[in-house]
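Participant: Have a look at this one.
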Amino acid sequence: MTMVAARKARDLANATRDKANSDANLKANQERVAYEKDQLERGLNQDRLRFVNEDTSAETSSIKERHSTRQANNGHLRKHLASDQ
């Protein structure tokens with residue numbers, strides 16, 4: 001009877017330990033997956049933001065170039081009109 005009780009206690013302790021290890025492993029995997037998903041989303045957001053910033057700076061540069069060209073043309077036109085009068 002004592003041997004059966006000892007074996008039962010040993011098996012229960014082993015099963016309890018194995019379940020605790022399995023639960024800890026599952027929790028670690030869930031946390032890792034959540035972290036990796038978060039990092040992936042942040043990376044995608046950074047990529048989107050980088051593309052938006054690049055597009056914005058390209059468009060801003062284009063607008064500034066057209067503005068500078070207009071100013072130069074207006075200056076030439078003013079000089080031309082002033083010399084005609």
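The values are calculated or read from the model by the stated rules, or taken from the named source; none is laboratory data. Every value quoted in this text rests on a predicted model; they were computed, and no experiment measured them. FYI the Cβ positions are ideal-geometry reconstructions off the backbone, even for glycines, and counts take in every protein chain you see.
Participant: Inspect the range 1-21 for any residue being free of Cβ contacts under 8 Å to residues at least 24 places away in the same chain and not in a helix (DSSP H, G or I) and give the result as yes or no.
Facilitator: Checked against the condition, which is being free of Cβ contacts under 8 Å to residues at least 24 places away in the same chain and not in a helix (DSSP H, G or I), the range 1-21 yields at least one hit.
Participant: Has the range 76-85 got any residue that is modelled with pLDDT under 90 and not in a helix (DSSP H, G or I)?
Facilitator: yes
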